[in-house]
Amino acid sequence: MSTRLSDYDYSLPEHLIAKYPPEHRGDSRLLVIHRSSQTWEDRTFADIVEYLDLGDVIVLNKTKVIPARLLGTRDRTGAQIEVLLHQRVPREQELWKVLMAPARKAPVGERIIFEGLSCEVTSELGLGEKIVHFDKSGAEFWEAIEKVGQVPLPPYLHRAAELSDKERYQTVFASVPGAVAAPTAGLHFTQELLDAIGHKGVKVAYVTLHTGLGTFRPVESEDITLHTMHEEYFDLDEVNAGIINDAKKVGKRCVAVGTTTVRALETIADPDGTVCPRSGMSGIFIYPAYQFKTPDAIVTNFHLPRSTLLMMISAFIGREFLLQCYQHAVDAEYRFFSYGDAMLIL
């Protein structure tokens with residue numbers, strides 16, 4: 001086990017970063033990794049059905065990406081300012097944690113004007129993060145956000161969001177608004193593929209974890225154990241907890257789709273892998289030496305070097321073997337990151 005940040009690095013040619021999704025949803029490659037034999041297979045994503053068995057449960061994150069990037073003006077001066085929503089304050093519909101640029105130009109009391117919407121800065125949290133109070137709530141708030149907001153694409157794509165991103169940077173099962181980034185492993189699933197999975201007798205369960213800063217904040221300390229995750233909201237209801245627990249009780253596998261799903265499950269899991277219906281904030285940081293309780297297999301995309309996501313998957317598969325798999329993916333020219341190809345880790 002290594003807790004050194006530099007041990008989670010790898011070289012990736014720029015041309016392997018997928019800047020756009022494949023032409024058709026689901027037309028991705030799938031690197032199937034077998035932990036027990038330390039081997040892998042090159043397949044296509046639709047082949048995932050072959051690796052799922054009757055009675056298994058596949059768990060999906062149903063969070064919905066919101067158009068969280070807002071461009072507005074300061075009420076006092078008319079100067080432009082960018083506001084990035086990243087987390088609703090629990091139990092307070094009108095209050096949001098946001099990042100602003102330029103942050104120093106928006107002190108407490110500053111009012112920011114958007115088309116059909118405004119907010120006021122109510123407190124400073126440091127490092128450009130603030131809490132703002134919006135003048136609309138509920139359905140009115142979401143209608144306004146849909147009109148004025150933009151999808152905040154990951155910065156490594158080096159491009160502005162386009163109209164097609166509103167649909168393709170969203171899973172087909174997204175239903176609970178709140179994420180500022182997509183649970184990207186879920187982007188590969190089409191309704192037809194989900195139907196095929198169901199026809200095979202595989203159960204489907206859903207959790208919610210609103211992807212926010214906790215997933216993407218860089219690790220800055222060489223000792224990764226000193227890193228602190230931002231908390232993210234999660235929810236698992238009684239029905240879906242029952243589907244997962246019923247499968248585990250009879251020895252069937254729980255296949256977690258995406259690192260966000262893993263984080264939600266591991267936050268609420270008992271030592272025996274049983275999950276309890278619960279909602280709250282998760283700040284769990286998973287890195288090597290962690291003992292997983294619920295997932296028996298994971299579907300995930302390829303992650304950035306030195307990221308907490310890479311560390312989580314290293315904990316599941318082993319760091320050295322994972323880096324071997326990544327080197328194969330580079331050599332075989334898999335597509336990397338949010339719009340890239342996927343791995344199925346068995």
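The values are calculated or read from the model by the stated rules, or taken from the named source; none is laboratory data. No experiment lies behind these values; they were computed from the predicted model shown. Neighbour counts are summed over all protein chains in view; Cβ atoms, including those assigned to glycine, are modelled from backbone coordinates with ideal geometry. For the accessible areas, the whole protein counts, side chains as well, though only heavy atoms, and no ligand, DNA or RNA atoms are used. Shrake-Rupley method; radii C 1.70, N 1.55, O 1.52, S 1.80 Å.
All but one of (1) touching a residue at least 40 places away in the same chain (Cβ under 8 Å); (2) surrounded by 14 or more Cβ atoms within 10 Å (Cβ to Cβ) hold for ASP53; state the number of the condition that does not hold.
Answer for ASP53: the failing condition is (2).
Of everything in the stretch 128-138 that's at pLDDT below 90 and out of contact with any helix residue (DSSP H, G or I) (no Cβ under 6 Å at 6 or more places or on another chain), which residue is most open to solvent (accessible area, probe 1.4 Å)?
Going through the stretch 128-138, the residues at pLDDT below 90 turn out to be 128-129, 137-138.
Adding the requirement that they be out of contact with any helix residue (DSSP H, G or I) (no Cβ under 6 Å at 6 or more places or on another chain) leaves 129, 137-138.
Details: GLU129: 23, SER137: 41, GLY138: 24 Å².
Once the filter is applied, the top-ranked residue is SER137.
Can you confirm whether VAL98 is touching a Cys at 6+ places or on another chain (Cβ under 7 Å) and either under 29 Å from VAL262 (Cβ atoms) or loosely packed, with under 15 Cβ neighbours inside 10 Å (or both)?
In short, no.
Checking the structure you have, find out if any residue of the stretch 162-174 is out of contact with any Pro (no Cβ under 9 Å at 6 or more places or on another chain), free of Cβ contacts under 8 Å to residues at least 40 places away in the same chain and part of a strand (DSSP E or B).
No, there is no match, as no residue in the stretch 162-174 is out of contact with any Pro (no Cβ under 9 Å at 6 or more places or on another chain), free of Cβ contacts under 8 Å to residues at least 40 places away in the same chain and part of a strand (DSSP E or B).
Regarding the stretch 95-118, can at least one residue be identified that is aromatic (Phe, Trp, Tyr), part of a helix (DSSP H, G or I) and within 30 Å of ALA264 (Cα to Cα)?
No: the stretch 95-118 contains no residue that is aromatic (Phe, Trp, Tyr), part of a helix (DSSP H, G or I) and within 30 Å of ALA264 (Cα to Cα).
Out of all the residues in the stretch 79-111, which are at pLDDT below 90 and small (Gly, Ala, Ser)?
Scanning the stretch 79-111 gives ALA101, ALA103, ALA106.
Give the number of residues within the stretch 25-45 that are open to solvent by 50 Å² or more (accessible area, probe 1.4 Å) and under 21 Å from the mean Cα position of the chain (by Cα).
2
If you take the residues in the stretch 266-283 that are surrounded by 18 or more Cβ atoms within 10 Å (Cβ to Cβ) and out of contact with any strand residue (DSSP E or B) (no Cβ under 6 Å at 6 or more places or on another chain), which one is farthest from ASP341 (Cα to Cα)?
Ranking the qualifying residues of the stretch 266-283, first place goes to GLY273.
For the stretch 175-210, enumerate the residues that are more than 23 Å from PHE234 (Cα to Cα), of a type in the set (Val, Ile, Thr) and part of a loop (DSSP other than H, G, I, E, B).
Once the filter is applied, which keeps residues that are more than 23 Å from PHE234 (Cα to Cα), of a type in the set (Val, Ile, Thr) and part of a loop (DSSP other than H, G, I, E, B), the stretch 175-210 yields THR190, VAL202.
Could you say which residue among GLY273, GLY242 is more than 14 Å from ASN61 (Cβ to Cβ) and in contact with a Lys or Arg (Cβ under 9 Å, 6 or more places away or on another chain)?
Exactly one residue qualifies, and that residue is GLY273.
Go through the stretch 257-266 and give me each residue that's in contact with a helix residue (DSSP H, G or I) (Cβ under 6 Å, 6 or more places away or on another chain) and assigned to a helix (DSSP H, G or I).
Once the filter is applied, which keeps residues that are in contact with a helix residue (DSSP H, G or I) (Cβ under 6 Å, 6 or more places away or on another chain) and assigned to a helix (DSSP H, G or I), the stretch 257-266 yields only THR259.
Does any residue of the stretch 332-343 turn out to be surrounded by 16 or more Cβ atoms within 10 Å (Cβ to Cβ), at pLDDT 95 or above and basic (Lys, Arg)?
Within the stretch 332-343, one or more residues are surrounded by 16 or more Cβ atoms within 10 Å (Cβ to Cβ), at pLDDT 95 or above and basic (Lys, Arg).
Filter the stretch 39-76 down to the residues that are β-branched (Val, Ile, Thr) and assigned to a strand (DSSP E or B), then identify the one that is farthest from LEU117 (Cα to Cα).
Among those that are β-branched (Val, Ile, Thr) and assigned to a strand (DSSP E or B), it is THR39.
Among the residues of the stretch 13-24 satisfying the criterion of being open to solvent by 40 Å² or more (accessible area, probe 1.4 Å) and part of a loop (DSSP other than H, G, I, E, B), which is farthest from PRO152 (Cα to Cα)?
Looking at the filtered set, the residue picked out is PRO13.
Would the stretch 58-69 turn up any residue that is over 22 Å from LEU187 (Cα atoms) and open to solvent by 60 Å² or more (accessible area, probe 1.4 Å)?
No, the stretch 58-69 contains no residue that is over 22 Å from LEU187 (Cα atoms) and open to solvent by 60 Å² or more (accessible area, probe 1.4 Å).
Return the only residue of LEU187, LEU125, LEU194, LEU157 being without any contact (Cβ under 8 Å) to a residue 40 or more places away in the chain and open to solvent by less than 30 Å² (accessible area, probe 1.4 Å). Full working, then the answer.
Details: LEU187 fails: without any contact (Cβ under 8 Å) to a residue 40 or more places away in the chain; LEU125 fails: open to solvent by less than 30 Å² (accessible area, probe 1.4 Å); LEU157 fails: without any contact (Cβ under 8 Å) to a residue 40 or more places away in the chain.
It is LEU194.
Can you report the number of residues in the stretch 217-256 which are among the polar types (S, T, N, Q), open to solvent by less than 20 Å² (accessible area, probe 1.4 Å) and in a loop (DSSP other than H, G, I, E, B)?
0
For the stretch 299-321, name all the residues that are hydrophobic (A, V, I, L, M, F, W, C) and either farther than 20 Å from VAL59 by Cα or outside any loop (DSSP other than H, G, I, E, B) (or both).
VAL299, LEU304, LEU309, LEU310, MET311, MET312, ILE313, ALA315, PHE316, ILE317, PHE321
GLN324 - would you say it is open to solvent by 20 Å² or more (accessible area, probe 1.4 Å) and assigned to a helix (DSSP H, G or I)?
yes
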